[in-house]
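Read the structure below first, then the notes.
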Amino acid sequence: AAGMTLSLRRGHRATLDEVGLFADGAAVKTVGSETFRVCHELVDDMVTVSTDEICAAIKDAFMDTRCVLEPAGALAIAGATKWAAATNTRDSTFVVTTSGANMNFDTLRYVSERTDASETLLSVEIPEKPGAFRKLISLLEPRNVTELSYRYRDSGQAIVYLSFQASCPLDKQKALQALGDDGCQAIDLTDNELAKAHARHLAGGRSSVENEFIYRFEFPERPGALVTFLDTLNAGWNVTMFHYRNHGSDVGRVLAGIQVPTEEKPLFDDFLQRLHYRYFAETDNPAVKHFFRP
């Protein structure tokens, strides 16, 4: 707990100005006198962790034991994991005390969104031209792309929000290097709280695109399925909007805008009939008119 960390550093019980409530079981401004005495005598070191590190610890505990811990209950796992990484300790056994399963679905929804420590969130600027979107994904292959958000902006540059899973920090750097070498301007937003909590859900906005048709698609969710879907969709028409987020479901859901010249509409309708994916026409959906059109 932050309160105990500060108290041990100062050598006496200290009072915090404020406390975070995510790990409410450890959220105290002033630690107890007896607790401080015991820790002062026996504790060698303290490790503080972020909310995202706690979320990752909840996931680790669930994957290992199939038990869902509350945030405070997973603190010890998060701390041990961070300490082992900071000290480069390997091939060792750690013993931690976990306690508490006071978890509700509202908190669990937040945890599931923030739990993947291997996920990197990027804002990438690419040329606004046919084929650029698919080329961007190819630069990240075979890594798993877990999120894509894009909306046609103008005839110059396009901004794409995307997330991908890297196997390790070096793999992440290789992916960023590949994007840079290809001329893509990528900004790492992994530690940007505004981007993670808000901007990723607002990416895109309104745009007036001639001959744009909006569709929802569903495809079986499995490794490589998104790339396969993009290859299938890449039939010569310009993609003007794209939104996808992997939520661990058995079905991947995509919202896409596709620019189809009037004279090619019968050809496009035939293309849809031959697709192996479920699709739903949404061009006239009131939500489209309110949020995506000027």
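The values are calculated or read from the model by the stated rules, or taken from the named source; none is laboratory data. Predicted model only: the values in this text are computed from it and were never measured. Cβ: placed from backbone, ideal geometry, glycine included. Neighbour counts: every protein chain shown. Accessible surface is based on the protein model in full, side chains and every heavy atom, while ligands, DNA and RNA are left aside. Shrake-Rupley method; radii C 1.70, N 1.55, O 1.52, S 1.80 Å.
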Task: Arg151, Arg10, Arg216, Arg134, ranked by accessible area, largest first (probe 1.4 Å) - done: Arg10, Arg216, Arg134, Arg151
TODO: Could you state the angle between the C-alpha long axis of helix 169-181 and the longest principal axis of the C-alpha atoms of the chain, as a value from 0 to 90 degrees rounded to the nearest 10?
DONE: 30
Task: Where labels lie 7 Å past Cα in the beta-carbon direction, separation of Thr190 and Asp116 in nm - done: 1.3
Task: Gaussian network model of the chain, Cα within-10 Å springs - most flexible of Ala281, Ala117, Ala78 - done: Ala281
Task: Max mean-square fluctuation residue, GNM over the chain, Cα-Cα springs under 10 Å, options Thr283, Thr240, Thr120 - done: Thr283
Open item on the list: Give the separation of the Cα centroids, the range 1-18 to the range 242-275, in Å.
Closed with: 55
Open item on the list: Between His290 and Glu263, what is the label-point separation in nm under the 7 Å Cα-to-beta-carbon projection?
Closed with: 3.9
Task: Net lengthening on full extension, Cys168/Val47 (0.36 nm per residue, minus Cα-Cα) - done: 41.3 nm
TODO: Which order do the peptides 138-144, 42-48 take when ranked by the mean count of other beta-carbon atoms within 10 Å per residue, highest first?
DONE: 138-144, 42-48
Task: Cα long-axis angle, helix 51-65 against the chain (0 to 90 degrees, to the nearest 10) - done: 90
Open item on the list: Under a crude label model (7 Å from the Cα following the beta-carbon direction), how far is Ala84 from His40 in nanometres?
Closed with: 3.3
- [ ] Assuming R0 = 41 Å, can you tell me the calculated FRET efficiency for the pair Val96 and Asp231, based on Cβ-Cβ distance, to the nearest 0.05?
- [x] 0.35
TODO: Would you calculate a helix-derived [θ] at 222 nm for the chain, using -39,500 (n - 2.57) for each DSSP H run of n ≥ 4 and dividing by the full residue count, to the nearest 500?
DONE: -10500 deg cm²/dmol
- [ ] Could you calculate the FRET efficiency of Ser138 with Val251 from 1/(1 + (r/R0)^6), where r is the beta carbon distance between them and R0 is 22 Å, rounded to 0.05?
- [x] 0.35
- [ ] Measure nothing fancy, just the Cα-based angle from helix 105-114's long axis to the longest principal axis of the chain, in degrees from 0 to 90, nearest 10.
- [x] 80
